[in-house]
Amino acid sequence: MTLTVDVAAPADTAAGTHGSGSRPGRFGRLLFGDGSQPRWARPALLGLLAATAVLYVWGLGSSGWANPYYAAAAQAGTQDWKAWLFGSLDAGNSITVDKPPAALWVMGLSGRLFGFTPFTMLLPQALMGVGAVAVLYATVRRASGPGAGLIAAAALAVTPVAVSMFRYNNPDALLVLLLVVGAYLTVRAIETGRTRWMVLVGVVLGFAFLTKLLQAFLVMPGLALAFLVAGPVGVWRRVGVLLAGAAAMVVTAGSFLMLVSLWPARSRPYIGGSTDNSLLQLALGYNGIQRVMGGQGPGGGGGPGGAGNLFFGGDPGITRLFGASMGAEASWLLPAALVGLVAGLWFTRRAARTDRVRAQLLLWGGWLLVTGAVFSFMDGIIHPYYTVALAPAIAALTGIGVVELWRGRRYPAPRAVLAAMAAVTGVWAFILLARTPDWQPWLRWVVLVGLIVVAAVIAAGVHLLGRAAAVVAAAAVLFGALAPAAYAIETATHSGTGPGRMSGPAVAAGVGFGGPGGPGGPGETAPDRTALWELIEAADNRWAAAGIGSMSAGSLELETGASVMAIGGFTGSDDSPTLQQFQAYVADGQIGYFIADGPGGPGGGPGGPGDGSGTSSQIAEWVQQNFTPMDVGGTTVYDLQR
């Protein structure tokens, strides 16, 4: 048996269209479409997008500055165009963040247009999330109809890690949106065979590279395989179209790489995270091979124990995506998606080469398997929120699998697979919810029993129920979405700050860096730094102050609006500035104060001289030997102008 849809008349045109034969008015087309879709499809989509917007925007400013590292860089971009262009951590352009600047471009422009606040910084992230949900719907609908599109879009919208990242200022929100747009454009290329669509794919992936470097390329095998198999043109034409897309990607990403390399290093910020002030080395080193192979920082099994190891992905291996660190982030529907992928490829094995359903299975399946394998086995730094890149593929495969198998419910094999998808979703949700036994303990039983009953009804003969089968279908969707939706709401209603966060009850417990309320963690009272802020605000130097690492520097920038140099970048370990450069800045009167205490400073923390980290330690020792310390509200400060 082969399950396919008629590509000449997609399933979304099969029923429920405007029956009067008259052309709907403008308002009617807005609400119900132009008649090419079922009448319920457009209102359902608009309702889903409205609910998604509420989930992502409600209380958005409650997280404060979210990740102060990127917030400080976004603020710098509102103060200086060079800082905006390069993604500088400070308006004085000392050093960039350890990622390319594309995500900061968006947040910086929002701050320039509407004023820089936590809400205006995070609003683009939330809108990117709503956009990703809409584009995923449009992509899946083209093969399997609006029902599959709605299931996929809803699954993405309530994936806990998606809610987390679309309400945060890490680069992942823009990355996910660009990758989903790339999938949509690939589907259009598969339908038409036209080169322009694949060139647009290359442009989008190029910008994705400028968002989070090599992670953007993990979806390429799936996109390329789908077009190579299903493109409606000859094989050599398909190869040529793919090469044109690759060229567009290289030109888009390479143009900024070339800009950075050709710009005189002395008049631009140091590329944070690199070893030689090169964006290409950053892409291949710290954010490339080292991420996969390890060799720097805590990651995989080498991370710290307890909650720290949870925030660094847990032990590498085939079960990592299902483990205590990553399982509750995005894997709620992962077993069902894998079952649907295998079944879908089997049932479409005799379909035409250009079959749209199989093409999307190859696209999303390649995306999921390649990205999932890299995340599972990489031995360098990895965090649970990286799994947001898996969420669109999991959601799409779930939507396609459910709807295509439902269409074949008259046959025993599709019914059995559909029942298996429901049952495995219930069992896996029960296991995930049992990991937090004190949080809503009733929920795991409701989901388990509900989906087991649904699976039994489907297997026994849901096709015999007639119109009542729709009730079973609705129950399956409801129970399948209940657990991740509950985690998503828990995530949206609890704020958190720091370099990253986890979802569900974990964010309320402060698991990760910072936790609720900032780097001090829950229960700690931050010292009163009002006097320090006033001191820095009054300085008129290029850098009002300097400190070791980004944690103290970024927070001071956000509180005062002044430019603060983060010596050594994120952790204080980058060789920027050198001791000689720092001495020259001081001699020229370009730095006002040296902050000796605080996160990441000589008082302790990453990058402080106590850990023997090279340049930062040399600068701190030189300051201590040549300047007199003073106490400013409990903080040790050196006046570099005396």
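The values are calculated or read from the model by the stated rules, or taken from the named source; none is laboratory data. Bear in mind the structure is a predicted one, so any value in this text is a computation, not a measurement. Cβ coordinates were reconstructed from backbone atoms using ideal geometry, including for glycine residues, and neighbour counts include every protein chain displayed. Accessible surface areas use protein heavy atoms only, side chains included; no ligands, DNA or RNA. Shrake-Rupley method; radii C 1.70, N 1.55, O 1.52, S 1.80 Å.
If the Cβ limit is 9 Å and pairs must be 6+ apart or interchain, which residue in the range 404-426 that is of a type in the set (S, T, Y) pairs with which residue that is modelled with pLDDT of 95 or more and outside any helix (DSSP H, G or I)?
Taking only residues 6 or more apart or on different chains, the pairs are T425/W332; T425/L333.
Restricting to the range 101-115, and then to whatever is over 19 Å from F207 (Cβ atoms) and part of a helix (DSSP H, G or I), can you tell me which residue is least open to solvent (accessible area, probe 1.4 Å)?
That would be G111.
Does the range 376-390 hold any residues that are open to solvent by less than 30 Å² (accessible area, probe 1.4 Å) and out of contact with any Ser or Thr (no Cβ under 7 Å at 6 or more places or on another chain), and which are they?
S376, M378, G380, I381, I382, H383, Y386, T387, V388 - these are the residues of the range 376-390 that are open to solvent by less than 30 Å² (accessible area, probe 1.4 Å) and out of contact with any Ser or Thr (no Cβ under 7 Å at 6 or more places or on another chain).
Can you find, within the range 571-604, the residue that is modelled with the highest pLDDT among those that are surrounded by fewer than 20 Cβ atoms within 10 Å (Cβ to Cβ) and at positive phi?
Filtering the range 571-604 for residues that are surrounded by fewer than 20 Cβ atoms within 10 Å (Cβ to Cβ) and at positive phi, the one modelled with the highest pLDDT comes out as G589.
Exactly one of (1) open to solvent by 30 Å² or more (accessible area, probe 1.4 Å); (2) among the acidic types (D, E); (3) under 20 Å from the mean Cα position of the chain (by Cα) is unmet by D98. Its number?
Looking at each condition in turn, D98 falls short on (1).
From (1) open to solvent by less than 10 Å² (accessible area, probe 1.4 Å); (2) at pLDDT 95 or above, pick out the condition that doesn't hold for G568.
Tallying (1) open to solvent by less than 10 Å² (accessible area, probe 1.4 Å); (2) at pLDDT 95 or above, G568 fails exactly one: (2).
Yes or no: the range 607-619 includes at least one residue that is out of contact with any Asp or Glu (no Cβ under 6 Å at 6 or more places or on another chain), at pLDDT 90 or above, open to solvent by less than 10 Å² (accessible area, probe 1.4 Å) and not in a helix (DSSP H, G or I).
no
Taking the range 46-83, which residues are part of a helix (DSSP H, G or I) and closer than 18 Å to F570 by Cα?
P68, Y69, Y70, A71, A72, A73, A74, Q75, A76, G77, A83, listed by residue number.
When you scan the range 304-392 for helices (runs of 4 or more DSSP H) that lie fully inside it, which ones turn up with 3 or more residues that are at pLDDT 95 or above?
Working: elements: 307-311, 327-330, 334-347, 356-377.
Correct list: 334-347, 356-377.
Within the range 505-522, is even one residue buried (at least 19 other Cβ atoms within 10 Å of the Cβ), closer than 15 Å to P160 by Cβ and either at pLDDT 95 or above or basic (K, R) (or both)?
Among the residues of the range 505-522, not one is buried (at least 19 other Cβ atoms within 10 Å of the Cβ), closer than 15 Å to P160 by Cβ and either at pLDDT 95 or above or basic (K, R) (or both), which makes the answer no.
May I ask you to verify whether P118 is over 28 Å from A476 (Cβ atoms), in contact (Cβ under 8 Å) with a residue 24 or more places away in the chain, surrounded by fewer than 24 Cβ atoms within 10 Å (Cβ to Cβ) and touching a helix residue (DSSP H, G or I) at 6+ places or on another chain (Cβ under 9 Å)?
Yes: the conditions hold for P118.
Which pairs turn up if I take residues in the range 430-441 that are on the phi > 0 side of the Ramachandran plot and look for partners that are modelled with pLDDT under 95 with beta carbon separation below 9 Å, at least 6 apart in sequence or on another chain?
What qualifies is Q440/E490; Q440/P505.
Which one is most open to solvent (accessible area, probe 1.4 Å) among residues in the range 420-439 that are under 16 Å from A324 (Cβ atoms) and in a helix (DSSP H, G or I)?
Quick first cut of the range 420-439, residues under 16 Å from A324 (Cβ atoms) only: 428-439.
With in a helix (DSSP H, G or I) added as a condition, the list becomes 428-434.
Values: W428: 31, A429: 5, F430: 46, I431: 73, L432: 2, L433: 4, A434: 42 Å².
Only one residue tops the list, namely I431.
Where in the range 213-296 are the helices (runs of 4 or more DSSP H), entirely inside, with at least 1 residues that are among the aromatic types (F, W, Y) and over 25 Å from L345 (Cα atoms)?
235-262
What single numbered condition from (1) surrounded by fewer than 18 Cβ atoms within 10 Å (Cβ to Cβ); (2) in contact (Cβ under 8 Å) with a residue 40 or more places away in the chain fails to hold for R238?
Failed condition: (1).
Scan the range 26-36 and tell me whether some residue there is modelled with pLDDT of 60 or more, open to solvent by less than 20 Å² (accessible area, probe 1.4 Å) and farther than 18 Å from G145 by Cβ.
So far as the range 26-36 goes, no, none of its residues is modelled with pLDDT of 60 or more, open to solvent by less than 20 Å² (accessible area, probe 1.4 Å) and farther than 18 Å from G145 by Cβ.
Say we look at the range 46-66 and pick out the residues that are of a type outside the set (S, T, Y) and crowded, with 22+ Cβ neighbours inside 10 Å; which of these is modelled with the highest pLDDT?
This residue is L55.
Residue pairs, Cβ under 7 Å, 6 or more apart or interchain, first in the range 176-187 and hydroxyl-bearing (S, T, Y), second surrounded by fewer than 24 Cβ atoms within 10 Å (Cβ to Cβ). List them.
So the pair list comes out as Y184/V135; Y184/A138.
Which residues, taken from the range 337-380, are small (G, A, S) and in contact with a helix residue (DSSP H, G or I) (Cβ under 7 Å, 6 or more places away or on another chain)?
A337, G340, A343, G344, A351, A359, G365, G366, G372, S376, G380 - these are the residues of the range 337-380 that are small (G, A, S) and in contact with a helix residue (DSSP H, G or I) (Cβ under 7 Å, 6 or more places away or on another chain).
Among the residues of the range 133-142, is any open to solvent by 20 Å² or more (accessible area, probe 1.4 Å), basic (K, R), in a helix (DSSP H, G or I) and within 30 Å of A481 (Cα to Cα)?
Yes, some residue in the range 133-142 is open to solvent by 20 Å² or more (accessible area, probe 1.4 Å), basic (K, R), in a helix (DSSP H, G or I) and within 30 Å of A481 (Cα to Cα).
Could you count how many residues in the range 391-417 are closer than 22 Å to A468 by Cβ and open to solvent by 10 Å² or more (accessible area, probe 1.4 Å)? Walk me through how you get there before you give the answer.
Filtering the range 391-417 for residues closer than 22 Å to A468 by Cβ gives 402-412, 414-417.
Right, trim to open to solvent by 10 Å² or more (accessible area, probe 1.4 Å) and you get 402-404, 406-407, 409-412, 415-417.
Number satisfying all stated conditions: 12.
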